[in-house]
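The values are calculated or read from the model by the stated rules, or taken from the named source; none is laboratory data. Computed from a prediction, not measured in an experiment: that's the story for all the values here. Positions of Cβ are generated from backbone atoms using ideal geometry, with glycine treated the same way; all protein chains shown enter the neighbour counts. Accessible surface is based on the protein model in full, side chains and every heavy atom, while ligands, DNA and RNA are left aside. Shrake-Rupley method; radii C 1.70, N 1.55, O 1.52, S 1.80 Å.
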Amino acid sequence: MTLASRAVLVVEDEPQLRRVLRTLLELEKFRVFEADSAARALVEARTHKPDLLIVDLGLPDRDGSEVISGVRSWSRVPIIVLSARSDEADKVGALEAGADDYVTKPFGARELIARVQVALRHTAGAGAAGALLQIGGWRIDLTARSARDERGGELHLTPTEYRLLEVLAQHIGMVVTHRTLLQQVWGPGSAQQTHYLRVYMKQLRGKLEPDPARPRWLLTETGVGYRLAQRD
Amino acid sequence: MNDHRPDPDLLLAQVQHTEAQAARGRLTIFFGANAGVGKTYSMLEAAQRQRAQGVDVVVGYVELHGREETERLLAGLTQLPPLQMHFGGSARREFDLDAALARKPRLLLVDELAHTNLSGGDPPPRHEKRWQDIEELLDAGIDVFTTVNVQHLESLSDVVWQITGVRQLETLPDRVFDQADEVKLVDIPPDELLQRMREGRVYLPQQAQRALENFFRKGNLIALRELALRKTADRVDLAMRDYRREKSVRGSWAARERLLVAVGPDAQAEQLVRAGKRAADRLGAEWLVVFVETPRLQRLSEFERNRRIEVLRLGESLGAEAITLGGAAAGVELLAYARTRNVSRIMVGAARRPRWRRLLRRSTTDFLLDASRDIDVIVIARHGGADAAGTAVGAPDSVLAGDSGKQLWPRYLLAVLSTLVATAVCWIFYGLYPGLGQANLVMIYLLTTALVAVYGGRRAAILNSVLGVAAFDFVFVPPRFSFAVSDVQYLITFAIMLAVALIIGTLNANVRQQARIAGYRERRTTLLYEMSRQLAITRGGEAMAEVAVRHVSQVFTSRAVLLLADEQGNVVYPRAGLLDVSYTGADLGVAQWVFDHRKPAGIGTDTLSGSAGLYLPLAGGERAFGVLALLPQNPRRVTLPEQFRLLETFAAQIGLALERADFAAHAQAAEVRAESEAIRNALLASISHDLRTPLATIAAGAATLAGNLDVLSAADRGALAASVSEEAQRMSDRITTLLELVRLETGAIQPRIELYGLEDLVGTALHRLETRLRRHRVVIELPDSLPLLPIDGRLIEQVLENLLDNAGKYTPPGSLIRIRAQRLARQVEISIEDDGPGLAGADPEILFEKFQRGAPEGAVGGIGLGLAICRTILALHKGRIWAENRAPHGAALRFTLPLPANAPAMAEQRLSSEILASQ
């Protein structure tokens, strides 16, 4: 982490919420810039070149996704979206437009900050989990394609399962949409075969999680995708 | 200082004005015996008095006839500019109805009630007569002053003619006069009138100068004056009777007189009708005008047929019921009908034919005089020379086409052949029995004639009788094979055979005609019944419209269309496609007028009779729904009173059917509204309570923090902040629940079905409820073989959350919560079981009603919509949810989700996926 404080651009039309977010972020030593509309957001993004964007999907002038795709056209800066609980389609749309993660309103402060940290870590290059994963009691080596526990016991994982873990590990801590997973693991034509994912995730949980019915690493984001939690 | 308070007098005037405007306008008629008595003058005087009292008076149309004194009375009155009508070059003035309606004064003066509006000019008048214009003004709530002379009254016009020898052409239906609110008689003695005439103060139109000089003889003036006085007296008498009847005790119900006026196709019919009106008025009786259509009368000339139509319509306009009967003999039919209608008097015209002809065939009048035992018969003598009436037999009415003119040649052939056959038969008999008397042979010919009369009709039978006698004479009468008529007796034979032919032929023709008419009438009634029946079982305005149009166009051989009104009250063509029998050229302007005024217009009516089509209003008891527009193939048929009545009946039926559909729609809408209302009220009550509580905490807590930040201890601050945060979360949850329910119920949510693994959803739900369930023991028993479920993941996750949340809320800490699933034949059953206290109350179903809670309100909180939402979500998935108690104690909430027929188990799917992936 660099010493210079990082800048966050908050794109939110509700002034009260903006104030709360500013307070939250400044507590964590971020510099905060504000924009209350999509148009303003694009301007501010170019002007201040923030390290992270927090974008509310319900903006007055244009859809939040437009801000995302606009920014994505010239930058890979991490973007986190704020959305209402039931808008799965909007969330998926935002993620596929280029957002990295989402937080549902009303959100807890801790959850938001955690996601912000994860997103920033990924940019810094240290985000990706690298070749080694720790899930449940298992140490997984993605390059060597092996999974072992402390006592040396081996676990057999299929090639597809390894591939799945790879993709999840690339975005560790952040949500990965069904579509991304399917396309990256099974190929571009498989975007609709959600049941593959169900089957495989269930298998993985069964193999890796201590309590498969109550997973702590391989988390489901209903209607959106999956998330590999980062636990130290 | 200007007060800005409204002037109370003005307000009162306004209120009174509005009230009065809401009612129909008052008609005041200035009535006189003659032109020149001063009706217009009196009318203007009265108008000036009204104006002095502050009433808004406008002069619509006044004929001054160049009289200065009358013109002076116009001073100060607003005048409506007259309509300039162009008659190929010259311009004539007419009353402008539309301008008057637009101006909407309190009182309008319109001279000459009986005037006929100039037609054929440009623009064409809306109504044929001025009294119709005035009726429209009255309907619009405008009071009207008008003038009329006694000779213009319809029922008196022939009396006037008798007195003066001048036929009055512009007549006014008595109904308009009788229904006027006030009639002011303007009367001057005849001598004075004559004096005025001599002084040139009475207007005489140039053309009729000579005639009117005859008209203005003293004798005439006296007689007309008496008529006018008597008419006014009758009105007073009527008013008095009504008054007395209102006040008196309802004693014995005096037997009502009923009068039947029998009219024929002759010229006396009109006179009879008017006499009937006068008699009916005197007796205060209901009256009927009846025309009997005998077979002979079915072959009337066009002129006579039109006259018949006119006579029947005249009767109706004078207040009678106009009936057309069918039958063989007029007298018999009339008497029979009179008895069924409890007629007390029959009025009939004097017999037309000379006495000697009446010996052969009794006239109707004679028949009635003889045969009516208990009914009075009044015979009206003929007055003056009737119009020359052509009684030429013309082409028969197409409706009742007889068999004349239709294929006569086969019948003549039949006649000839049968004669030949008869001759042959006789020849055989004669050959076999030479002694056979000729009387018997004649019988065979007679039999043949009778048969030909039955099957071939009258003319063929006549031919046959001639041929038969000729054949008989030629072949069998000595000298045989020659035509010497030596015996006179064969003339008698011939005469008798001819007579037989005629009698049977005529009888047969009559019977057949009657049968045809009866069949025709029955068919029409059946059609009406058919339409009514079909309308009764049809639902929806547009389907009904189609049914109606098809029936109407079939029955009346015309093109038809139903123009229904839209929300703004404008009559439009139906949105649905037009049918092959639709009338595409209907005039929407006329239709709109018909809709607004609920009166028919077009062919055969008094309004806009120049239109190509006929327009009838479609109305139920209260509202009008639209207009039926017809383009008849044969306009004349439709204008027969009977046909017109039938058409009106059809229109009435359609109107009722539309009204019924309208009521049904309203009832449904009202039900939905009532239900929404109930839900909304419950919702409001609940929101009010369940949101205000957390809101109160938040408001108080935040305010305390804001105001006392430096004074409070860190612990206190922390506690307040925490409670604000918690309550905010709680409120958020409740609002989300409410919104969820509303969106589900109104159908705003469409489930997005994808395949989900149940354990996936259970895991997420448990994750969300970590805090709530942290002190409970949760056990999960989901079989491995459970297939993927086609569901909306988020909705079912919501269900699981609600159920688990409830389980957590209503069981003490440390209780067991078990989540189970099992696969049944075509569905999966999922259960959330606990070992807490179980369900209270008798009926677990009530839990799923909105706003119910297992325990009474208390610290637990919550709106109580959670389970109702679950039920709605399950319903969307075509599943079921229910609750039951467990033994020894505890509750179980179970729900099912249907499985499609080919849901593979997870294991199989895994296998197939593996194979796919490894390739």
Open item on the list: So, residue B:733, is that one touching a strand residue (DSSP E or B) at 6+ places or on another chain (Cβ under 9 Å) and facing chain A (nearest Cβ under 10 Å) or not?
Closed with: no
Task: Residue in the range A:51-60 that is of a type in the set (Asp, Glu), closer than 28 Å to residue B:792 by Cα and either touching an Asp or Glu at 6+ places or on another chain (Cβ under 8 Å) or away from every other protein chain (no Cβ under 14 Å) (or both) present - done: yes
- [ ] Only one of these is within 23 Å of residue A:103 (Cα to Cα), open to solvent by 10 Å² or more (accessible area, probe 1.4 Å) and of a type in the set (D, E, K, R): A:179, A:163. Name it.
- [x] A:179
Task: Subset tally (residues that are part of a loop (DSSP other than H, G, I, E, B) and either at the interface with chain B (Cβ under 9 Å from one of its Cβ atoms) or among the aliphatic types (A, V, I, L, M) (or both)) for the range A:186-200 - done: 2
Open item on the list: On the basis of being buried (at least 18 other Cβ atoms within 10 Å of the Cβ) and at pLDDT 75 or above, does residue B:509 make the cut?
Closed with: yes
TODO: From the list A:196, A:162, A:102, A:200, pick out the single residue that is in the same structural domain as residue A:66 (by TED's automatic domain parsing) and among the aromatic types (Phe, Trp, Tyr).
DONE: A:102
- [ ] Might you let me know whether the range B:566-583 holds any residue that is among the aromatic types (Phe, Trp, Tyr), open to solvent by less than 60 Å² (accessible area, probe 1.4 Å) and modelled with pLDDT of 80 or more?
- [x] no
Open item on the list: Need a quick list: helices (runs of 4 or more DSSP H) entirely within the range B:630-748 having at least 1 residues that are loosely packed, with under 15 Cβ neighbours inside 10 Å.
Closed with: B:641-707, B:714-745
TODO: Scan the range A:24-78 residue by residue and report those that are open to solvent by 40 Å² or more (accessible area, probe 1.4 Å) and of a type in the set (Ser, Thr, Tyr).
DONE: A:47, A:69, A:73
Open item on the list: Can you find a residue that is touching a Ser or Thr at 6+ places or on another chain (Cβ under 9 Å), of a type in the set (Val, Ile, Thr) and touching a residue at least 40 places away in the same chain (Cβ under 8 Å) anywhere in the range A:5-25?
Closed with: yes
Open item on the list: I want to confirm something. Restricting to the range B:759-785 and keeping residues that are within 20 Å of residue A:200 (Cβ to Cβ) and more than 10 Å from every other protein chain (Cβ to nearest Cβ), which single residue is surrounded by the fewest Cβ atoms within 10 Å (Cβ to Cβ)?
Closed with: B:785
- [ ] Could you check how many residues of the range A:206-222 are part of a loop (DSSP other than H, G, I, E, B), within 8 Å of another protein chain (Cβ to nearest Cβ), open to solvent by 20 Å² or more (accessible area, probe 1.4 Å) and over 18 Å from residue B:781 (Cα atoms)?
- [x] 0
- [ ] Please find, among B:672, B:638, B:711, the residue that is within 30 Å of residue B:556 (Cα to Cα), more than 17 Å from the chain's Cα centre (by Cα) and either at pLDDT 85 or above or of a type in the set (A, V, I, L, M) (or both).
- [x] B:638
Open item on the list: Of all residues being open to solvent by 20 Å² or more (accessible area, probe 1.4 Å) and aliphatic (A, V, I, L, M) in the range B:124-167, which is nearest to residue B:56 (Cα to Cα)? Just the residue, please.
Closed with: B:140
Task: Tally, over the range B:743-757, of residues that are within 12 Å of residue B:796 (Cβ to Cβ) and more than 10 Å from chain A (Cβ to nearest Cβ) - done: 2
Open item on the list: Given the options B:631, B:563, name the one that is modelled with pLDDT of 85 or more, on the phi < 0 side of the Ramachandran plot and within 13 Å of the chain's Cα centre (by Cα).
Closed with: B:563
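Per-residue answers, yes or no, for (1) modelled with pLDDT of 80 or more; (2) buried (at least 20 other Cβ atoms within 10 Å of the Cβ):
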residue	(1), (2)
B:251	no, no
B:256	no, no
B:269	yes, yes
B:315	yes, yes
B:332	yes, no
Open item on the list: Tell me whether the range B:830-841 contains one or more residues that are at pLDDT below 85, surrounded by fewer than 20 Cβ atoms within 10 Å (Cβ to Cβ) and within 13 Å of another protein chain (Cβ to nearest Cβ).
Closed with: no
Open item on the list: For a quick check of your reading: which strands (runs of 3 or more DSSP E) sit entirely within the range A:134-178 and have at least 1 residues that are more than 15 Å from the chain's Cα centre (by Cα) and away from chain B (no Cβ under 14 Å)?
Closed with: A:138-141, A:146-149
TODO: Go over the candidates A:183, A:230, A:203 one by one and state the one that is assigned to a loop (DSSP other than H, G, I, E, B) and of a type in the set (S, T, N, Q).
DONE: A:230
Task: Residues located in the range B:770-805, provided they are of a type outside the set (A, V, I, L, M) and under 60 Å from the mean Cα position of the chain (by Cα) - done: B:790, B:792, B:793, B:794, B:797, B:798, B:801, B:802
Task: Residue that is surrounded by the most Cβ atoms within 10 Å (Cβ to Cβ), among those in the range B:336-353 that are assigned to a loop (DSSP other than H, G, I, E, B) and not small (Gly, Ala, Ser) - done: B:343
